[in-house]
1. Kindly indicate which of D:Ala759, D:Ala697 is modelled with pLDDT under 90 and at the interface with another protein chain (Cβ under 7 Å from one of its Cβ atoms).
2. Just checking, how many residues over region D:481-504 are out of contact with any Pro (no Cβ under 6 Å at 6 or more places or on another chain), buried (at least 17 other Cβ atoms within 10 Å of the Cβ) and modelled with pLDDT under 90?
3. Between a first residue in region D:376-401 that is of a type in the set (Ser, Thr, Tyr) and a second residue that is part of a helix (DSSP H, G or I), which pairs have beta carbons less than 7 Å apart while being 6 or more apart in sequence or on different chains?
4. Somewhere in region A:375-398, is a residue of a type outside the set (Gly, Ala, Ser), surrounded by fewer than 23 Cβ atoms within 10 Å (Cβ to Cβ), over 17 Å from A:Gln305 (Cβ atoms) and more than 8 Å from chain D (Cβ to nearest Cβ)?
5. Using beta carbons and a limit of 8 Å, which pairs, at least six apart or on different chains, have the first residue in region D:210-231 and more than 19 Å from D:Ala539 (Cβ to Cβ) and the second one in a loop (DSSP other than H, G, I, E, B)?
6. Which one of A:Ala28, A:Ala19 is under 28 Å from A:Arg447 (Cβ atoms), within 14 Å of another protein chain (Cβ to nearest Cβ) and without any contact (Cβ under 8 Å) to a residue 12 or more places away in the chain?
7. If we only count helices (runs of 4 or more DSSP H) wholly inside region D:42-155, which ones have 2 or more residues that are within 25 Å of D:Leu455 (Cα to Cα)?
8. Could you go through region D:624-631 and let me know if any residue there is outside any helix (DSSP H, G or I) and either buried (at least 22 other Cβ atoms within 10 Å of the Cβ) or in contact with a Gly (Cβ under 9 Å, 6 or more places away or on another chain) (or both).
Amino acid sequence: MTGLVVGPILVPLLGAALAMALGRSRPAQRVVSLVALATSVVLSALLLVRVDDGGIVAVRAGGWPAPIGITLVADRLAAIMLVLATTMLLAVVVYAIGQGGAERDHVGFHTVYLILAAGVAGAFLTGDLFNLFVAFEVMLMASYVLLTLGGRPDQVRSGMTYVVISLLASALFLVALAFVYAATGTLSLADLSTKVAELPAGVRSGLALLLIVVFGIKSAIFPLFFWLPDSYPTAPSPVTAVFAGLLTKVGVYALIRTQTLLFPADTQPGALLLAVASLTMVVGVLGAISQHDVKRILSFHIVSQIGYMVMGLGLFTVAGLAGAVLYIVHHIVVKTSLFLVAGLIEARSGTAELDRLSGLARVEPLLAALFLLPALSLAGIPPFSGFVAKLALLDAGVGAEAWAVVAASLAVSLLTLYSMTKIWANAFWGPPREPESSVVAVGADRRLMAGATAGLVALSLGIAVASGPLYDLAERAATDLVDRRPYIEAVLEP
Amino acid sequence: MRYRRSVIFDATVTLVFDGALVLSAYLLFAGHNQPGGGFVGGLVAAGAIALHYVAGGGDQVRSLLGVQPWTLLSIGLALAVGTAVVPVLFGANPLDQEAYQVELLVLGKAKATTALVFDAGVYLVVVGLMLMILEGLGLASDEPLDDGEVER
Amino acid sequence: MNLLLVVTAAFLCACGTYLVLSRHLSRVIIGIGLLGHGVNVLLVLSGGDGGRPAFVGGDGGPVADPLPQALVLTAIVITFGVIAFLLALAYRSWRVTGNDEVEDDVEDRRIAREAHQGEPEAST
Amino acid sequence: MLFGLIALHAAAGLVVLVGARRLGRWGFVVGGTAPLAAALVALASAGAVLDGRSTTQRAGWVPQLGLTLDLRLDAFALLMVALVSGIGTLVFAYAWHYFAGSAYAGRAAGLLTLFAGSMLGVVLADNLLVLYGFWELTSITSYLLIGLHDDDRDARDGALHALLVTGLGGLAMLGGFVLLGHAAGTLQLSALLADPPSGGVVPVALVLVLLGAFTKSAQYPFHSWLPRAMVAPTPISAYLHSAAMVKAGVYLVARFAPAFADVGPWRPLVVGVGLVTMVAGGLRALRPFDLKQLLAFGTISQLGFLVVLFGLGRPEATAAACALLLAHALFKAALFMVVGIVDHAAHTRDLRRLPLLGAGWRATRAVALVSAASMAAIPPLAGFVAKEKAYAALVHGDATDRAILAVLVVGSMLTVAYSARFAAALWRPDLLVVPSEPRTTLDAGPRHGILAPALVLASATALLGLWPATWSRLVDGAANSLDPAAHAHLELWHGFNATLALSAITLAGGALIFALRRPVSALQARLAPRRSGVDAYDASVRGVLRGAGWVTSVVQSGSLPVYAGIILATAALAPLLAMVSGAWWPGWPDAIGRAGQIPAAGMLVAGATAATVATRRFAAALLLGVVGYGMALLFVVQGAPDLALTQFAVETLSVVVFLLVLRRLPDRFERESQPLLGRAARLAVSALVGVWVAVGAIAFSGARTAAPVSEEMVARSLPEGYGENVVNVILVDIRGLDTMGEITVLVAAGIGIAALARAGRPPRPRPERRSIREHREEVGA
């Protein structure tokens, strides 16, 4: 039981140490990486089953009871996120091995990648606000390194933006921690949820907003998202895929966790979050349709879709949160696979700029299918996963009579569809064109890359098929979030 | 590159270096009861290495410990993570500590805890990081370029 | 908690902010450093007004809250690692561009130019 | 069984797509089995269904959201299946000939099969969300079909136009469906219609749903995508744009009207839009020289007619509309097929260049004539029977009805006129225009067998007109399933009555318009609006793009200082405002805690000020070091020796690292280029952050009520943590997880630093292994 909870953090860390010790033996590093991540996937899946059946599992690090020590808490939401994250990490590392490039050129790739995995898992599992900060730092430091691997001029430039903005977020997080501890004398989330309620209302909402800003930077909501589209597209495509699928969602997870757990209903800034959600989805999609590069279009869509997740949170209802959870599940898989497709496009054509692409559908029909399915899903076309997720949010929004955000979400769907057709019409339709140059490292295995991508696309189709049970699961997770008591009791029980 | 050095200067550096290493070891072991700990210990050792670099230039540091910074980092990380993993394997909580009475020949009885192993990991990582910084920003940047970039 | 240290922390944060809003990465890094110091003062303050070092077995009396100290220690070390990384980034920036200035995003500028001058390409 | 049919379409479509290259036009044979099967199943179950025993099937999907896969085959659905699958089968047969030798045959066959399946789903769906789902799939497949010749820019643009307009309507419709679902408590179509909700949001929901129907059925002002979609190969036009997809909107109006026609905006909106569409489309059909354009506008006009009839929500009108629906599909599909055949042989559809069709074309011209005559409602054809019913439905009504009828008659006159124009193009093109360009020459007669499907359709048109009893039962059942009060008794001859008179007037008026075609077209040319629907669409797309570009250029400045400024300002302002509005203040704290804090604070403030204004990099770095040592001093004062030690060591190392890097960079800071964020803004943000930090620190500390958890830590440090130094016990034991994360950060940082430092350098040789002693011996110490 304990192993299931700590495994997804510790196994990748051990793997990281081992991969580093194995230094220059690339095959050995690969084996370590694959084994560690596959183990994490299995452990996370078992954990999800266990948590869904038997309730929340809390593990005390060092045996110290909450609120003294750090408690790792696996509830349904955390377990769901963990399963998705580890699966994405595994799929993408397979892709990265196929692609070569960053994976092959840098001794530290696997180590840093595994550290990233551990950081993400830690962020999902921790039940302590400061430990969440540390987990974020682990994840972020690894992401800085992955983003700048190679040190190309554009990477350095975008790396600066990314690192500096992330550091500001970290500094703000520390400010929030200082304030939290000053006001409550505790750091355990469960303990905080009882203590925050005793604070004066103004202080409480100040804290709520500060935390929204802190995690809003990470999750790229309006008006804090600008850094994302500038920095993501420059990384090697597997790295971008992981970032796109996971990192912002860790921010969203933290938003959901803190806003639902720490604050009583009268402090929850629902109206504000709904306004932010609308602006995020609209401004994000407007950015997307202005772009000329596949990766940049997709990056702006990340922003736009964060808006949908925040919409679910902003409703602060079981239906809304269930919709948000379902949306996250769908989004992580689809977004990751789309960025992997972007990488395949680059590998085939030497570029991801729309003006320099044409006719891929005829020369690479499989690639066209691999793009079309997740793209339609992203645009919320039935019967793909994006439709069910969007429908859940729409339904929740109508149920809460939040008309503005409902209207925005529908309008944004159309613009999303438009920008997907922009990629399709420019890159896939038209007369085929000779590849400009190959960005694929020598010895790259395109079949492995396509295989990993196809696996994720299949997974997204599976999500669509299993939407019914998944919605039930999301609803149970949302019920726990709204109720709060199970979490608090699981952590604080003697 | 070779600097002209005086024997006295070298001797001083060596002396300080040795002293700092001893101090860092003391800080590591004393940390649980006195000010100190793995961090401070590691930082002091790292400072000593940095001093050696400043005094002696790049070549000295490269072979100073006869060990790659990679190795230090990986061993350090493995030690720290190991203290978290091992208790779990025995069905306890991660990072559970055990205390042992240890007979030390000179210092008498002491209580050693598994926290020391953890702290040693921290120590190694800090030292390894400093070595890496010196290797990277100090040494590597003195080497010639080969990728066609213009040296500025 | 006292006004002197609160103001000091606020001042450090303000100075850090001012430097962070610069275009030179080295200034930004120094700004991050100052911000970090300011935040650490805040963290230490969050444990109250301080006091005797937190060692068990001394002569009673109030001890400083040890938990914020531990947090600050963690923060200090993390900041050190991050600043070292940023410096490496500044070094790389100098290698590839000859300075450490944070340039504007090329593609963003292009989109902005199009928006202000030319017609965006309609459809497909 | 119903699921099986849709699954069969999906499977056949995917198989054909996967094997597109190998199958070629044989894809139409493989794919065509699916609509054929559907048509046969419909035929087999027709008896039971028309007796009122509808077939239903259901499966769960996400029942929590009301998303259950309900399918239902009632009599109206049967009529639609007859169009979708029956005519669909004929279109597949036609396409098999049409695409001979085309490289696109396989792809077209696969997509067409998928489209047929989606369309079948639309008419069978008994759940609003399922209906929406298939609806969007028809949009997507038609996007891919219109853009089939993807090298052609017009094809891509036309496809996008259709997708965006129908997609817009589709999303509005989805919103409407969800609203209706909430109002009614069910998303099941049959349950909703049986017990329609009212009041509240229902009128809004209906307008949204109608938006979907109007865009899909190319009603004004959304019509312009349909003529543009005519770039698609003709079989696709024949199927999508006459028989199937454009009928989806009409289908929706038909389903909803009996239940909702009396709700506020419904009738004025639907009838108004339909009438405008009918007349405007008819007028436009008099102008184009391209035969497909002519048919496209004719289709728009007829769709308007259908929307009016169904939209009225009255039994007689509904019955008439059912008849017209079928009649229209028969003649319009046949006409499209004929155009395709002619186009293939003559390589033009421009009636100014169309050659005279000779002897080999007798059958083709006959098909065209019969179908065009049916379109013009000339007896004794199906179109006539249907139109008689329509007139009869309104002729005995009130003033409004008669006004509507008058407009319908005018629209029908236009229909007669453009039908004549079409027929003349094939029989006597010289009647229409003096050829401005040389007529093309014909390759040969129509390809063998290609006419057969059109011939079947034309025969049906004639047959149904002559023996209305053959389809009376189908139409009657369909109308009846929509509205229990609706009965269609179709007859060719009703005797001499007002309806017949109106028909005669219609024909006469139409003939007159055709006779006066020259002055009419001159008048039209003068009155024609300068901006076409396509222009309006292009302008709105451009407008959205320009707006998007503007918004993006504003928010996405690409400048790090601007981003950081906005983020920090938000971070300070938002919580500050929240706290101010909370109006809670704990009072000011003491000025000073202990004397030792003063020198430490002085060192910090002085160092920070100097570092901020420093103009040299080295100086700034060293001043940062001063601040760091000041921090160490402060930690000593505050009772934190571990911190002081650590801070001292870290600061020393930091300075070393700074110097390592800064030795490369120029000593002085250069002037900053492009100061997007001016000094004043920087100062303002800094001040804001400072104020926020100070206010927050005081307020939050003042709010503390409970004792901190650290008291427990102090108490348990020795007995449970085995250490006297509580800070160290926290670090390695109580919060060991933090420390583990922290060293992980350092490991990652080390790797990153090494990677950045070594980027673009040759791999480093492994250092020799030497012991410290060896090393020292060499150094000579």
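The values are calculated or read from the model by the stated rules, or taken from the named source; none is laboratory data. Nothing here was measured: the structure is a model prediction, and the numbers come from that model. FYI the Cβ positions are ideal-geometry reconstructions off the backbone, even for glycines, and counts take in every protein chain you see.
1. Values: D:Ala697 fails: modelled with pLDDT under 90.
Matching residue, one of D:Ala759, D:Ala697: D:Ala759.
2. Taking region D:481-504 as the starting set, the residues that turn out to be out of contact with any Pro (no Cβ under 6 Å at 6 or more places or on another chain) are D:481, D:484, D:487-489, D:493-504.
Now narrow it down to the ones that are buried (at least 17 other Cβ atoms within 10 Å of the Cβ): D:481, D:488, D:499, D:502-503.
Remaining after also requiring modelled with pLDDT under 90: D:488, D:499.
Total satisfying the criteria: 2.
3. D:Tyr391/D:Leu405; D:Tyr391/D:Thr499; D:Tyr391/D:Leu502; D:Tyr391/D:Ser503
4. No, there is no match, as no residue in region A:375-398 is of a type outside the set (Gly, Ala, Ser), surrounded by fewer than 23 Cβ atoms within 10 Å (Cβ to Cβ), over 17 Å from A:Gln305 (Cβ atoms) and more than 8 Å from chain D (Cβ to nearest Cβ).
5. Hits for this filter: D:Ala213/D:Gln219; D:Phe214/D:Phe222; D:Lys216/D:Met245; D:Val231/D:His149; D:Val231/D:Asp152.
6. Values: A:Ala19 fails: without any contact (Cβ under 8 Å) to a residue 12 or more places away in the chain.
The unique qualifying residue is A:Ala28.
7. Numbers: elements: D:75-81, D:88-98, D:105-124, D:128-146.
Here the list reads D:75-81, D:88-98, D:105-124.
8. Taking region D:624-631 first, the residues outside any helix (DSSP H, G or I) are none.
Taking every residue of region D:624-631 in turn, none turns out to be outside any helix (DSSP H, G or I) and either buried (at least 22 other Cβ atoms within 10 Å of the Cβ) or in contact with a Gly (Cβ under 9 Å, 6 or more places away or on another chain) (or both).
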